[in-house]
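Here's the structure, in structure tokens; my notes come after.
The values are calculated or read from the model by the stated rules, or taken from the named source; none is laboratory data. Model, not experiment: these values are computed from the prediction. Here the Cβ positions follow ideal geometry from the backbone for every residue, glycine too, while neighbour counts run over all protein chains shown. Note: accessible area is taken over every heavy atom of the protein model, side chains too, but ligands, DNA and RNA are not part of it. Shrake-Rupley method; radii C 1.70, N 1.55, O 1.52, S 1.80 Å.
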Amino acid sequence: MLQLRLVARVACAAALAAGGLVVAAGTPALACVPDDVTGQCVPPTQTYHVDGTDGTLAVQRDPKVGDPVRWLREGDAVAVVCQINNGGADPDDGLASRTWDLVAGGGWVYDHFVTTPPQGADGFSPGVRHCSPTTGSPGGGYHVQGTDGTLTVQGRPAVDHVVGSLREGDPVQVVCQVNDGGADPYDGLTSRTWDKIGDNRWVYDWFVSTPPQGADGYSPGIPHCSPTQTPGPTGYRIQGTDGSLSVQSRPETGHVVATLREGAGVSVICQVNNGGADPYDGLTSRTWDKIGDNRWVYDWFVSTPQQGTDGFSPGVPHCDSAQPPAVDTSVPFVALGDSYAAGLGTYDHSGFPGDNCDRSDKTYSMVAANSGLPTWLGGAKPVILACSEATTSVLTQVFKGHPPQIDQTGGSGPLGAKTRLVTLTLGGNDVDFAGILTRCMGSATINSCFGGELDKADAFIDDFEWTLVATYDAVRVAAPKAHVVVLTYPQIFPETAPFYCGASLGVIDSISDTTLKRIRGTWSRLNAVIKAAAAIAGVSVLDVEDAFKGHDFCAGSPYANGLPASWPPNRESYHPTVAGYAEEGRRLADLVRSTWP
């Protein structure tokens, strides 16, 4: 077997050389790796899709059912790292196959529901890498350990760039490793080793079950990240502050977008010598360090080399003076979220023609603004960035052709240093409520359909809290001076099934009172997690769960739309009406006026 693997490594090297790929000295080539079982030269990951599920596929902590860590939806892309043929069966679906796929980012999915090539007699899919029989992974599958419960995922190998979080015990697929990232001053740790687990996703290696680091700071057997995989130069620290240093959207004070703590690692991209002085600390230096797009720190408090007579630190690149910092275009009031924040359900989107987000000027944020908010908002109306079908994962991405709701560039969009109020409704699409309704409302076995779907939704919600915390944290970083108000979802379903509600409670079969209780219970479960995550993140909550009591979509004066006469439902179905948004807007205005007069 050793000889077979050695031949495969030579074959990999030959394949790379034939393709003309130049690899940095000492950096393992990742384009072709030997299979740990067969020795074949195969890609480290291959992309397939989720197929044949009833809507969602659980990603399990181990290659067996019963411990999901997240969910994928039908049609989602899946990056398969390797495969085993001796995992657990799937008794829930009556499947005996024991083949499981390890996916990039950590976790396992049942291969029956992935578009890998059909399994052979040995239980493996031809062309898919086999995982090591001793480790269950190709050497990159580890787990989070030694934390106080969670480990933050950073956008670069340094603290204070949070983009997500993992829980104690979560699986981690390590792509490669650096030994020159930032230390961890919060935990008193000086190691500078970080593990890359995805594009712009890094975790501090101290809390990952990789092999112990050697004298060079690397874990044996883990690839070293190439210079192109590491985001910019590193090696400086925040120093000499009173505890923290403001990150500005331009090289002058007064444009705060974030803060870094004393001792935090920082990557300096380039430097200018003609920024603003620091009157708050009585400093006249005009040298600033660029650490990201529209992210600047005052060089006086960074451990760069001492500035020369020209105001620049020797060895630090000069920023192109022809590219001045972006103008801060942020606004006082921003509305973020999904269709329940955009205004879907009003049947009036005339103020936003062709934007594909179903926005309406009758949504609750606009109602609150028109009701009279405190003078510190200056009479501002909200800029509505909320978009139908939005999930937590797309808030920082271009979506439906629109810029990210949270652009994370500190001043190039509506959310930024000037923002004073942010409203947010989000999470329903992560749970896939719209998909559940679409799949079950027209079902001939509507109650059993809801039973299975809500079981999966409940399991997802139970692991959703820290995703929401990371989202709320991202809002606070992007708008550090804003009051953030997170809204729960109003209950739109009746408590019991009346005889006069028609197709809104089922097209072929009818929803039972027991199923209505389950639906409302799952709705409440999500709202409870929203409130818990908001408390952790330190943002305010407007709980509107009971705001539509007596006005569900079956009531005589409904605050939510039921199902129209035809099937399938149109986009406005199962969303607040104009009256519903008006009720939420009134409550929002009352909260803001009473909390921050």
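Quick check: at a probe of 1.4 Å, how many percent of the accessible area of the range 491-597 sits on carbon and sulfur atoms? Summing carbon and sulfur atoms, their accessible area is 55 percent of the total for the range 491-597. Surface analysis of the chain yields an accessible area of 42 Å² per residue, using protein heavy atoms and a 1.4 Å probe.
Our compactness index for the range 452-597, the C-alpha radius of gyration over the empirical 2.2 N^0.38 Å, is 1.16. With helices as the sole contributors, the chain gives -6000 deg cm²/dmol at 222 nm; each DSSP H run of n ≥ 4 counts as -39500 (n - 2.57), and the sum is divided by every residue.
Using the basic label-point model (7 angstrom from Cα toward the beta carbon), what is the LYS481 to SER512 distance in nanometres? Taking the two extended label points, one gets 5.8 nm. When peptides 165-172, 370-377 are ranked by their average number of other Cβ atoms within 10 Å per residue, the highest-first order is 165-172, 370-377. Accessible area of GLU252 (1.4 Å probe, protein heavy atoms only, ligands and nucleic acids ignored): about 70 Å². Under 5 Å between amide hydrogens, built in the peptide plane, is the criterion, and for SER244 it picks out GLU262 among residues at least 5 positions away or on other chains.
The residues LYS418, LYS400, sorted by heavy-atom accessible surface at 1.4 Å with ligands and nucleic acids left out, run LYS418, LYS400 from largest to smallest.
Spin-label pair ASP355-ASP216: with each label point 7 Å from Cα along the Cα-Cβ axis, the two points sit 5.3 nm from one another. For the residue pairs LYS64/LYS531; LYS456/LYS549; LYS64/LYS517; LYS64/LYS456, alpha carbon separations beyond 22 Å are given by LYS64/LYS531; LYS456/LYS549; LYS64/LYS517.
Among all helices in the chain defined by DSSP H, which have a length of 18 Å or more along the axis from Cα atoms plus a Kyte-Doolittle mean of at least -0.5?
The qualifying helices are 2-18, 446-462, 465-478, 513-537, 578-595.
With a sphere of radius 10 Å drawn around the Cβ of ASN356, what net charge do the other residues whose Cβ falls strictly inside it have (Lys, Arg +1; Asp, Glu -1)? Summing Lys/Arg as +1 and Asp/Glu as -1 gives -1.
Considering every Cα-Cα pair within the chain, what fraction, in whole percent, is farther apart than 34 Å?
Cα-Cα pairs in the chain separated by more than 34 Å: 50 percent.
Here the range 472-531 yields Rg over Rh of 1.22, to two decimals, using C-alpha coordinates and the Kirkwood radius.
In this Cβ point-charge picture (+1 for Lys and Arg, -1 for Asp and Glu), the range 371-460 has a dipole of about 460 debye about its Cα centre. PRE reach from ARG593 (point 7 Å along Cα→Cβ): which of the range 329-370 fall under 17 Å by backbone N? Only 364-370 pass the distance filter. Of the accessible area of the range 311-394, computed with a 1.4 Å probe over protein heavy atoms only, carbon and sulfur atoms account for 56 percent.
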